[in-house]
Every structure is written in C-alpha cells, then in structure tokens.
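The values are calculated or read from the model by the stated rules, or taken from the named source; none is laboratory data. Remember, predicted model here, so these are calculated numbers, not experimental data. Every residue, glycine among them, receives a Cβ derived from its backbone with ideal geometry; neighbour counts consider all protein chains shown. Accessible surface areas use protein heavy atoms only, side chains included; no ligands, DNA or RNA. Shrake-Rupley method; radii C 1.70, N 1.55, O 1.52, S 1.80 Å.
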Amino acid sequence: MALALTGLSLSHFRSHQRARMVLDARPVALYGPNGAGKTNILEAVSLFSPGRGLRRASAAEMVARPEAPGWKLAGLLESQGRVSEIETWSDGGAARQVRIDGKTASQVDLGRRVRMVWLIPSMDRLWIEGAEGRRRFLDRMALSFDPDHAEAALTYEKAMRERNRLLKDQVRDAHWYGALEAQMAQAGARIHVGRVAALELVRAAQGQAETGFPSAELDLQHADGDLPESETDLREMLAASRFRDLAAGRTLVGPHRADLHAVYTAKGVPARDCSTGEQKALLVSLILSNARALAAMIGAPPIVLLDEVSAHLDADRRAALYDEICALGAQAWMTGTGPELFAELGARAQVLEVVEAGGLSEVRVS
C-alpha cells in the first residue's frame, strides 16, 4: 500500500490562512492561476519529510504575512494499514518542531515514517548550472533511502565551516585540525557511501523498468579524482591537503567537491547538451526511478511532488507520466494552471482548485 496523506491542514502558512483537505491515496491534481498558492501546498507537504522543504526556506519565511503569528501543519499519514498523526510547526520564526502521534519527534524520526521525492521548476536547470545543485539533488536522493544521511551531511558541513575558519585565519598548528578532520572524515565517508549506494539503486531501477522517459548514465565525479571510501583514507587526504588548503583559505578535498554527471543513454549526449525538453524528461526519469527503487526497498512507493510538471512535456509524455505514477501506486501531488493538463488522469486522480481571494488562498474540490 502506498504512503499517502489522507488529511492535510494548514494554518497561517504562506498564503493559506486556513485550509483543510480530506484525501485518499490517489494522485492529487492542484490547478489554478499563477500566484494562487498551489506551490505553497506542495511546500507544506514537503515539510512532512526531513529538511527545509522543497523551497529550502527558513521557518520564518513560511509564515503568513503580515500577522506573522507562526504557522502549523497537520497531516494524517497512512502507511501499511497504519495511520499516524503528524504535526510540524514554528512559533514566531523559531526552528520548526515535529510531533508524531502526540509525542515530540526528531526530523530523523520523520524521515523513517515518510519517504518523499520531488521535482520543481528550479531544478529544470540542474544540468547546466553549478555542481552545488546537483550535489543537493543527489543528497536528497540518498536521504530518501537513508534518513541518517542528513545527519552526516550536517555534521560534515559544521566541521568544515570550523576548519575553513582556521584556514582563513592562517592557523598552522596541526592540533587544531585533528579533531575537525576526524569528524569530517567520519561523516564524509558516510556521505560518499550513501551517494554511491543511491546511484546504484537508481541505476538498477532504470534498467528494470519499461518507461516512456529516457534513461541516463549516471556518474559521481570529484574535483581531485576518486574520493577514498574509508574514513582513515579520507582523514589522511584532508591532513595531506592542509598546505594547499591554507593557500586557498578553504577546504579543497572531500565530498563537498563532488559532482553528478549524466548522459542521455540512447543518444550518448551529456545531459548539459540536451534540449530543454530532453533535460526535463531525464529529470522525470530519475525521479520515477528513485520512486521505484524506494518502493522495492520499503514495500511501498513514496509520496511524489511534481510542481508545474507539465512544463516542457508534450501531451504524449504527460500521459506516459500519469500512467507510470498510477502503475507505481504513488500518491503524487501535481500542480498546473488548468484542469485540462490533468485530463488524461480522469477518475484516477482527485482534483482540487486553488484560487486567490482577497490576498489569501482557498482550496476547492473541483
């Protein structure tokens, strides 16, 4: 049985002062004009997974204006015949909190309950912009398989910031670096192993499926050649790089220097050189493969978020996407400007209209 939100309520979240939706496990199609608040709903759903949501916004940025009283989201999560009540909120811009079935929980706990993947318009330029976005895309993929991946990434980033501060200040005493490099090596090795494992799972899912979307050959590359997988070797690499790092004023080796490369398999063309439509199709293919791999791993497909998914997809590819989502059995939340964009779904989806009224958003059953 698919993971599904069968109830969702928003309070003082973005443009939604109050909204409540009663749902089933079918895909959810949200339509309405630009600016009506459709993406705000998807962002709310994304906050039932670990992290800062699909916009990567701070808790303070999500609150309704101008009152800014804090915001709250509540949802009923159905999984394997079990229903859990999940709440997440922020008071006055403070860090968001989580409660599961009435008990305080961590975001790692949330990640173990809810598996989620998404594709949003800002990712359309993934292959032609900087490596940071591709690393984030890969880490989100790794997180979907292993909720502990986020903790490793946070530990690594915190230790690296401290090390970079020492480098910038030209501190040369080796004792100051040892503990930080040990933390970076331990967390960095976990990050690298998680990324490699995620790519292997997605590659396998691509190869096992007949799909209307192109497959991609995926490769993890690093600025300084292969990254060692063992904690000991990574620690030695960091120590050996201190002199060069001092000259640069920053850390030049480690998983933060990784990049994800993709090649359109059928054409042998790097993703960055493909057309806009082909790049979009490759992204859809990877998201679907991620979802299939998760379904095989945990016995149920994840929740899938697809914002403005029809952009750059022709009618045939759009129909193929809907067919694959339904065959997978995933509750996919999708947005578009008009109901005609979801016509191919028919009764397989629940359709909601999002409208702007008096500066606020409203959700209506279509």
Original post:
Which of the following residues is closer than 23 Å to P302 by Cβ, of a type outside the set (V, I, T) and touching a Leu at 6+ places or on another chain (Cβ under 8 Å): L143, L138?
Top reply: L138
Subject >> Out of E200, E181, sole residue that is assigned to a helix (DSSP H, G or I), among the charged types (D, E, K, R) and touching a residue at least 40 places away in the same chain (Cβ under 8 Å) >> reply: E181
Original post:
Quick check, is G102 in contact with a strand residue (DSSP E or B) (Cβ under 8 Å, 6 or more places away or on another chain) and surrounded by 17 or more Cβ atoms within 10 Å (Cβ to Cβ)?
Top reply: no
**OP:** Inspect segment 147-167 for any residue being of a type in the set (S, T, N, Q), more than 18 Å from A239 (Cβ to Cβ), open to solvent by 50 Å² or more (accessible area, probe 1.4 Å) and in a helix (DSSP H, G or I) and give the result as yes or no.
**Re:** yes
Original post:
Is there any pair linking a residue in segment 326-353 that is open to solvent by 60 Å² or more (accessible area, probe 1.4 Å) to one that is part of a helix (DSSP H, G or I) and hydrophobic (A, V, I, L, M, F, W, C), with Cβ under 8 Å and at least six apart or on different chains, and which?
Top reply: E344/A315; E344/A319; R348/C326
Subject >> Check on V196, in contact with a helix residue (DSSP H, G or I) (Cβ under 6 Å, 6 or more places away or on another chain) and within 15 Å of F137 (Cα to Cα) >> reply: no
**OP:** Return the pairs, sorted by first residue and then second, in which the second residue is assigned to a strand (DSSP E or B) and open to solvent by 40 Å² or more (accessible area, probe 1.4 Å), the first residue lies in segment 79-107 and is more than 17 Å from L10 (Cβ to Cβ) and among the acidic types (D, E), the beta carbons are less than 7 Å apart, and the residues are 6+ apart or on different chains.
**Re:** D101/E85
Original post:
Any idea which of (1) assigned to a helix (DSSP H, G or I); (2) of a type outside the set (D, E); (3) out of contact with any His (no Cβ under 6 Å at 6 or more places or on another chain); (4) more than 22 Å from R55 (Cβ to Cβ) is the one V351 doesn't satisfy?
Top reply: (1)
Subject >> Index of the failed condition, R135 passing every other in (1) more than 17 Å from the chain's Cα centre (by Cα); (2) within 17 Å of G188 (Cα to Cα) >> reply: (1)
Original post:
Out of all the residues in segment 222-230, is one or more in contact (Cβ under 8 Å) with a residue 60 or more places away in the chain, under 28 Å from E162 (Cβ atoms) and in contact with a helix residue (DSSP H, G or I) (Cβ under 8 Å, 6 or more places away or on another chain)?
Top reply: no
Original post:
Among A320, A293, A311, which is more than 25 Å from G7 (Cβ to Cβ) and either open to solvent by 30 Å² or more (accessible area, probe 1.4 Å) or among the acidic types (D, E) (or both)?
Top reply: A311
Original post:
Restricting attention to segment 118-132, and to residues there that are part of a loop (DSSP other than H, G, I, E, B) and crowded, with 20+ Cβ neighbours inside 10 Å, which single residue is farthest from the chain's Cα centre (by Cα)?
Top reply: W127
Original post:
A179 is checked against (1) in contact with a Leu (Cβ under 6 Å, 6 or more places away or on another chain); (2) open to solvent by 10 Å² or more (accessible area, probe 1.4 Å); (3) more than 23 Å from D307 (Cα to Cα) and fails just one. What number does that condition carry?
Top reply: (1)
Subject >> Candidate set from segment 266-281 (those that are surrounded by 15 or more Cβ atoms within 10 Å (Cβ to Cβ) and either touching an Asp or Glu at 6+ places or on another chain (Cβ under 8 Å) or not charged (D, E, K, R) (or both)); member that is farthest from A150 (Cα to Cα) >> reply: C274
Original post:
Listed residues D316, D273; which is free of Cβ contacts under 8 Å to residues at least 60 places away in the same chain, more than 18 Å from the chain's Cα centre (by Cα) and farther than 20 Å from S46 by Cα?
Top reply: D273
Original post:
Within segment 214-251, restricting attention to residues that are assigned to a loop (DSSP other than H, G, I, E, B) and at pLDDT 95 or above, which residue is most open to solvent (accessible area, probe 1.4 Å)?
Top reply: R250
**OP:** Please state which one of R135, R140 is assigned to a helix (DSSP H, G or I), in contact with a strand residue (DSSP E or B) (Cβ under 7 Å, 6 or more places away or on another chain), at pLDDT 95 or above and surrounded by 16 or more Cβ atoms within 10 Å (Cβ to Cβ).
**Re:** R135
